[in-house]
Amino acid sequence: MALIESFRVALEAIWANKLRALLTMLGVIIGVCSVIIMVAIVQGLRQKIIDQFMSNGSNVIFAFYNPKPGSILRGGYQGLRMSDIDAIQRRCTLIGEISPTASTSVTASVGNQVKNAQLVGVLSVYPDTNNITVAEGRFVNQDDDANYSDACVIGTKTKTDLFGKSDPIGKEIICNVNGVNTLLMVVGVLDEKDQGPGGVDFNNSIFASLRSVQQRFTGSDRIDGFSTRSIDVTGTQAAADQVWAVLKQTHPLNYNDFIVDTAEGLLKQLDVIIGTLQIVLGGVGGLALLTGGIGIMNIMLVSVTERTREIGIRKAVGATRPAILTQFLVEAMVVSGLGGLIGIAWGWSIAWVVDKFAHKILPTYVPFWAVLVGFSFAVGVGLFFGIFPAYRASKLDPIAALRYE
């Protein structure tokens, strides 16, 4: 009952000085609000990336060549080639078909419409390994690759930018690389899909057969990397290890320059980065909470001074030191707790508005644990910074307090 009475008295004191209480809460409100918004942004981006990875399946394996300083001098090796793909396909028994890619930037134009796009050379298995579908026409096939065909497939954004609302199937795109124009004919349009884990923007890209891109655009048989799937979903890591072992055997001087990873492995690395970012951003909100806590302590010290006679009367009628201590601690915690609740409401509302109007660019997500952490920190700030004023109030001599004017 004594604790309930302390809450009642605290609320009455806050209501009696509404403006001062609100100004006191302001630091806590800003701190908690900023923490909620930062967590919402980080968690929203994390969820978006997870969705992108999982949309391709949990058994996807990625591999690419990332040379370290001195690697070319060490082994004379300059990048992955189709011979590496053939060796891996023959010797790895735990994976399905391999989908290599080779890309270059082009300036694509149709009439007066011009845009910069990524031209990606792929094989016919590319839709399977990347979980994409064709909305119109067809995808490039084995015949296109064997004949260095001019066939290409475009993303939805590329279609809109170059062709507007007209049908692009059978029409030509002029692709300019280093001042040289090359014609490609559209044979298909992809369904809309978010950017892939490997960095390919499916909606903004142009896809042609791998050998056509190598022969007609890059002038090299190198590939950027490849993706594949493990045959057994539960053995994805073992399949990735098998791919790594083949690359290590075929390129003993340069095996450290290869990166072979799974969707799950990349997500674990991502969680480490996001966790670090979250701590840093949380520290910014923590500084605001610290400022708010100092404000609470100052106001509580003022409150103790203003209510000296009240404290003396309470002690005179039998209030103990622990009761006085509890009363002022509860008051500090109620002030900070209310500030925390308001900050949570503001932060959640702002995150909701951002997600509502900019979901594709900046998705937000407020997990329940963020609400609990925000409120707990707010109450904790009130408790920590309320101890000294509460202790000072409990130490007042009742005789001196009654004489105070």
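The values are calculated or read from the model by the stated rules, or taken from the named source; none is laboratory data. It should be emphasised that the depicted structure is a prediction, and the values quoted were computed from it without experimental measurement. Using ideal geometry, Cβ is built from the backbone for each residue, glycine included, and neighbour counts are taken over all protein chains shown. We work out accessible area using only protein heavy atoms, side chains counted, and drop any ligands, DNA or RNA first. Shrake-Rupley method; radii C 1.70, N 1.55, O 1.52, S 1.80 Å.
Worth a mention:
- The residues of the range 267-283 that are open to solvent by less than 80 Å² (accessible area, probe 1.4 Å) and either among the small types (Gly, Ala, Ser) or in contact with a helix residue (DSSP H, G or I) (Cβ under 7 Å, 6 or more places away or on another chain) (or both), listed by number, are Leu267, Leu270, Ile274, Gly275, Gln278, Leu281, Gly282, Gly283.
- When Leu80, Leu119, Leu184 are checked against the criterion of being open to solvent by less than 50 Å² (accessible area, probe 1.4 Å) and within 26 Å of Ala240 (Cα to Cα), a single residue qualifies: Leu80.
- Unique match (being at pLDDT 90 or above and either open to solvent by less than 10 Å² (accessible area, probe 1.4 Å) or polar (S, T, N, Q) (or both)) among Ser58, Ser105: Ser105
- Evaluation of Thr250 against (1) under 24 Å from Val120 (Cβ atoms); (2) surrounded by 14 or more Cβ atoms within 10 Å (Cβ to Cβ); (3) β-branched (Val, Ile, Thr) (one fails), failing number: (1)
- Condition check for Leu267: in contact (Cβ under 8 Å) with a residue 24 or more places away in the chain, closer than 30 Å to Ala87 by Cβ, in contact with a strand residue (DSSP E or B) (Cβ under 7 Å, 6 or more places away or on another chain) and part of a helix (DSSP H, G or I): no
- Residue match in the range 90-102 (condition: open to solvent by 20 Å² or more (accessible area, probe 1.4 Å) and within 20 Å of Lys159 (Cα to Cα)): no
- Pick from the range 157-181, criterion closer than 15 Å to Ser103 by Cα and buried (at least 16 other Cβ atoms within 10 Å of the Cβ), ranking: modelled with the lowest pLDDT: Val177
- Residue count, the range 237-280 (criterion: farther than 30 Å from Val373 by Cβ and small (Gly, Ala, Ser)): 4
- Number of residues in the range 219-237 that are closer than 30 Å to Val180 by Cβ and surrounded by 13 or more Cβ atoms within 10 Å (Cβ to Cβ): the value is 8.
Conditions tested, residue by residue: (1) within 27 Å of Thr326 (Cβ to Cβ); (2) part of a helix (DSSP H, G or I); (3) at pLDDT below 80; (4) among the polar types (S, T, N, Q).
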{"site": "Phe357", "(1), (2), (3), (4)": "no, yes, no, no"}
{"site": "Thr364", "(1), (2), (3), (4)": "no, no, no, yes"}
{"site": "Trp369", "(1), (2), (3), (4)": "no, yes, no, no"}
{"site": "Phe375", "(1), (2), (3), (4)": "yes, yes, no, no"}
{"site": "Val381", "(1), (2), (3), (4)": "yes, yes, yes, no"}
{"site": "Phe385", "(1), (2), (3), (4)": "yes, yes, yes, no"}
{"site": "Phe388", "(1), (2), (3), (4)": "yes, yes, yes, no"}
{"site": "Ala393", "(1), (2), (3), (4)": "yes, yes, yes, no"}
{"site": "Ala401", "(1), (2), (3), (4)": "yes, yes, yes, no"}
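- At least 2 residues being over 35 Å from the mean Cα position of the chain (by Cα) and farther than 20 Å from Gly111 by Cβ is the threshold, and among the helices (runs of 4 or more DSSP H) wholly inside the range 123-212 those reaching it are 142-146.
- Flag if Phe226 is more than 30 Å from Gly347 (Cα to Cα) and not in a helix (DSSP H, G or I): yes
- Out of Ala245, Ala240, sole residue that is open to solvent by 30 Å² or more (accessible area, probe 1.4 Å), under 34 Å from the mean Cα position of the chain (by Cα) and modelled with pLDDT of 75 or more: Ala245
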